[in-house]
Amino acid sequence: MSETRRLSLDTLDRLGSGGAFTPPAMDPRALRVGIVHLGIGAFHRAHQAVFTELAAAATGRDDWGIAGVTQRSASVRDQLTPQDGLYTVLERGPGAAPPRVVGSVREVLHGAGDPAAVVDRIADPAVRLVTLTVTEKGYRRDRTGRLDRSDPEVAADLGGRPPRTVVGQLVRGLQRRAAGVAGPVTVLSCDNLVGNGEVLRGLVHDFLDALPDHEAGPVADWIAASVRFPSCMVDRIVPATTDDDRATVRTVLGLDDQGVVVAEPFRQWVIEDDFAADRPAWDRAGAVFTDDVAAWESVKLRMLNATHSLLAYLGALRGHDTIAAALADDELAAAAEALMVEDVAPALRVPDGLDLPGYRRQVLQRFANPALRHRTVQVAMDGSQKLPVRLLGTVRDRLAAGAIPRQAALAVAAWMTYVAKGRDARGRELPLDDPLADRLRVAAAAGAGDPKRLVDSLLQVEEIFGTDLPEHDGFRGVLIDHVARLTA
């Protein structure tokens, strides 16, 4: 049996379309790089890269190709470079479109292996946008939200090595732009952080503040005049790709695609309209430009992402492998609905034009999609980073209003129990994949066997809960009740 050929520009040209799949919306060979993207994982390829290609096709612009940067592992580079940057987005679920081959990624750089090339690309005058999806932990913040200068990688970048952190890459690239002939540039964080644009602006200035005055001063002045840091909100469920997904694409294309990404049919992008220079016509691809990203962002983080986390921890503890399986559990479905109705909705400022009850129903419909196979333990990753932005804002708002957020507390208690038990109802190990994993294990061990001690021990992790929440007897009490029931 002959070996299956691999997806590339050459093999794709020989296929034609035939209706079974959608080819790139523009000829990838014609696209020139205008965007550098830091963190080219599956989410970016299923979300911003698709918007960008459709926007370029809608306007006929050929200057919005993407140079993607994979930060640690070289695997994405090794997948896509032999494929001329091509990969397939495979939608799963009701309303799924045919597989789409995307060609907007024109090169992939390995940040850890060739950091100088990343700085060169950011400094390229043809680049007018730098976008990021590096997850919450990729920003390397300390417990106050500032740049963690004690982080060895941050310290090494500050010391002048070719930068390997995203903030270091940005600052060194902006330094080069400020010293050369490159024009204004927009830096757009697409991560799930409250006020992600302002967060990133602050981290860039934290890095500059740690440099000698003669080095930082001119760059800070140039950034103030020539760089914008808009905020945005992104939404699309992108589960891990499986061998079955790759086999499906192989059947449709007749080609082997090592870069397949899987996504639900739904996608959303709300962007603050504050750009330093030109921007793609993402609105022509369905994105929303607005002056009020914060309200949209809050709805998504507190309603969708918080409910995702609740289902992940409760579902994993009960032995449910996927979010859809967790939602098929009537008790967990009721808890998800109650979280959004009883705790989240009363604390939200709803943006104009959003039907909140309709949004809530849509969230549950999306989570119930069994075709996505979104694993509970995958969603459970990085809880110490996710809880503050997804759940604890709602907790604080409800406490300030004089209410005890029992449903939000259930989600926090489920996380605590997940950390402490380490095994599901069927005895299988629950992985603790978290930047604070070692500290969390120590805290959980200190409270082992006693719900009160466990809650008190984990509440003392100040990076997560601050100093206020451990002192609130009502919140602490309901956490103890929930943990006692979950560990029984």
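When residue 366 is tested against (1) more than 30 Å from residue 429 (Cβ to Cβ); (2) in a helix (DSSP H, G or I); (3) in contact (Cβ under 8 Å) with a residue 60 or more places away in the chain, exactly one condition is not met: (1). Might you check whether a residue that is part of a helix (DSSP H, G or I) and open to solvent by 30 Å² or more (accessible area, probe 1.4 Å) occurs anywhere in the stretch 405-419? Within the stretch 405-419 (the criterion being part of a helix (DSSP H, G or I) and open to solvent by 30 Å² or more (accessible area, probe 1.4 Å)), the answer is yes, since at least one residue qualifies.
In the condition set (1) closer than 15 Å to residue 317 by Cβ; (2) touching a residue at least 60 places away in the same chain (Cβ under 8 Å); (3) in a helix (DSSP H, G or I), residue 387 is compliant with all but (1).
I'd like the full set of residues that are within 16 Å of residue 147 (Cβ to Cβ) and either open to solvent by less than 10 Å² (accessible area, probe 1.4 Å) or among the hydroxyl-bearing types (Ser, Thr, Tyr) (or both), limited to the stretch 164-181. Matches in the stretch 164-181: 165, 166, 167, 168, 169, 170, 171, 174. Against the conditions (1) buried (at least 17 other Cβ atoms within 10 Å of the Cβ); (2) farther than 30 Å from residue 344 by Cα; (3) basic (Lys, Arg), residue 284 satisfies every one except (1).
Screening 316, 334 for residues that are surrounded by fewer than 23 Cβ atoms within 10 Å (Cβ to Cβ) and assigned to a helix (DSSP H, G or I) leaves exactly one candidate, 334. Of all the residues in the stretch 28-70, those that are touching a helix residue (DSSP H, G or I) at 6+ places or on another chain (Cβ under 9 Å) and assigned to a loop (DSSP other than H, G, I, E, B) number 8.
Within the stretch 230-264, being surrounded by fewer than 19 Cβ atoms within 10 Å (Cβ to Cβ) and in contact with a Pro (Cβ under 6 Å, 6 or more places away or on another chain) holds for one residue alone: 252. Of everything in the stretch 70-96 that's open to solvent by 50 Å² or more (accessible area, probe 1.4 Å) and among the hydroxyl-bearing types (Ser, Thr, Tyr), which residue is farthest from the chain's Cα centre (by Cα)? In this case the residue turns out to be 81. Residue check: is residue 314 in contact with a His (Cβ under 9 Å, 6 or more places away or on another chain) and more than 16 Å from residue 372 (Cβ to Cβ)? Yes, satisfied.
The single condition among (1) part of a loop (DSSP other than H, G, I, E, B); (2) over 24 Å from residue 237 (Cα atoms); (3) among the aliphatic types (A, V, I, L, M) that residue 193 does not meet is (2).
The values are calculated or read from the model by the stated rules, or taken from the named source; none is laboratory data. Remember, predicted model here, so these are calculated numbers, not experimental data. When we count neighbours, we look across all protein chains shown, and the Cβ atoms used for this are built from the backbone with ideal geometry, even at glycine. These area figures cover heavy atoms from the full protein model, side chains too; ligands, DNA and RNA do not enter into them. Shrake-Rupley method; radii C 1.70, N 1.55, O 1.52, S 1.80 Å.
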